[in-house]
Amino acid sequence: LGSAARSVAMTSIVIHEVVYLTEVRNISLTQASSALGAMVFISMVGRIAFGTLGDFVDKRFVLIVTYVLQAVGIYILANVTNMAQVWLFVVVYGIAYGGAIPVFMAIVGEYYGRQYFATIRGFLQLFLVPTTVLGPIFAGLVYDRTGSYQVAFMSFIVALLVGTVFVFFSRK
């Protein structure tokens, strides 16, 4: 459930970022597209940094930090007024977005063992696929009905923070 909370926000931000920046914040398509590309690129920094940190610190706490940073990133995105703020979002959200990926995979292996890793990952998809699909649809409906992403973005922040509770209470 903690990972599903993250996937609802993560996919929605990636899918709607360019539309939000161009249509709502009047940022050029070139700059908005560059920000999306940079966010994915900079996620590699998070993958390495948080993945390494997860080898030395309780992975739950490392994953919680990535969730909180993603929530902060979405808050920054929801309030951007210029490209400097967009780049701040790209750095904060991108590093955290990337950092959650290896740490989540490592937690699955650590908590459930390697023997049934593929089966467990497959089972987890029952929770992740619906949220991965429904989050962007929800964000699109909110935007189509209100002309704003604010309700969707705040919902994703809440989802991430609720997700941290599930991660915190997870055990082997």
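Assuming ILE27 fulfils every condition listed in (1) part of a helix (DSSP H, G or I); (2) within 22 Å of MET154 (Cα to Cα) apart from one, which condition is it?
Every condition holds for ILE27 apart from (1).
Please tell me if PHE89 is at pLDDT 95 or above, touching a Leu at 6+ places or on another chain (Cβ under 9 Å) and either in a helix (DSSP H, G or I) or open to solvent by 20 Å² or more (accessible area, probe 1.4 Å) (or both).
On the way: at pLDDT 95 or above: yes; touching a Leu at 6+ places or on another chain (Cβ under 9 Å): yes; either in a helix (DSSP H, G or I) or open to solvent by 20 Å² or more (accessible area, probe 1.4 Å) (or both): yes.
Taking the combined requirement at face value, the residue satisfies it.
Going through GLY98, GLY94, GLY54 one at a time, which residue ends up being open to solvent by less than 10 Å² (accessible area, probe 1.4 Å), over 16 Å from ALA35 (Cβ atoms) and without any contact (Cβ under 8 Å) to a residue 60 or more places away in the chain? Walk me through how you get there before you give the answer.
Values: GLY98 fails: over 16 Å from ALA35 (Cβ atoms); GLY94 fails: over 16 Å from ALA35 (Cβ atoms).
Of the residues listed, the single one that is open to solvent by less than 10 Å² (accessible area, probe 1.4 Å), over 16 Å from ALA35 (Cβ atoms) and without any contact (Cβ under 8 Å) to a residue 60 or more places away in the chain is GLY54.
Being without any contact (Cβ under 8 Å) to a residue 40 or more places away in the chain and either open to solvent by less than 30 Å² (accessible area, probe 1.4 Å) or over 25 Å from VAL62 (Cα atoms) (or both): is that true of GLY113 here?
Working: without any contact (Cβ under 8 Å) to a residue 40 or more places away in the chain: yes; either open to solvent by less than 30 Å² (accessible area, probe 1.4 Å) or over 25 Å from VAL62 (Cα atoms) (or both): yes.
Spelling it out, GLY113 is indeed without any contact (Cβ under 8 Å) to a residue 40 or more places away in the chain and either open to solvent by less than 30 Å² (accessible area, probe 1.4 Å) or over 25 Å from VAL62 (Cα atoms) (or both).
Select from the range 18-37 the residues that are farther than 16 Å from ASN82 by Cβ and open to solvent by less than 80 Å² (accessible area, probe 1.4 Å) and list them in ascending order. Write out each step before concluding.
As a first pass, look at the range 18-37 and keep what is farther than 16 Å from ASN82 by Cβ: 18-19, 23, 29, 33, 36-37.
Matches in the range 18-37: VAL18, VAL19, SER33, LEU36, GLY37.
Would the range 65-72 turn up any residue that is farther than 20 Å from VAL40 by Cβ, assigned to a helix (DSSP H, G or I), open to solvent by 30 Å² or more (accessible area, probe 1.4 Å) and not β-branched (Val, Ile, Thr)?
Taking every residue of the range 65-72 in turn, none turns out to be farther than 20 Å from VAL40 by Cβ, assigned to a helix (DSSP H, G or I), open to solvent by 30 Å² or more (accessible area, probe 1.4 Å) and not β-branched (Val, Ile, Thr).
Looking at (1) in contact (Cβ under 8 Å) with a residue 12 or more places away in the chain; (2) under 22 Å from THR52 (Cα atoms), which one does TYR149 not meet, given that it meets all the others?
Unmet for TYR149, out of (1) in contact (Cβ under 8 Å) with a residue 12 or more places away in the chain; (2) under 22 Å from THR52 (Cα atoms): (2).
If PHE123 passes every condition in (1) part of a helix (DSSP H, G or I); (2) in contact with a helix residue (DSSP H, G or I) (Cβ under 8 Å, 6 or more places away or on another chain); (3) among the hydrophobic types (A, V, I, L, M, F, W, C) but one, which one does it miss?
(2)
The values are calculated or read from the model by the stated rules, or taken from the named source; none is laboratory data. Model, not experiment: these values are computed from the prediction. Cβ sites come from the backbone with ideal geometry, for glycine too, and all protein chains shown count toward neighbours. Accessible surface areas use protein heavy atoms only, side chains included; no ligands, DNA or RNA. Shrake-Rupley method; radii C 1.70, N 1.55, O 1.52, S 1.80 Å.
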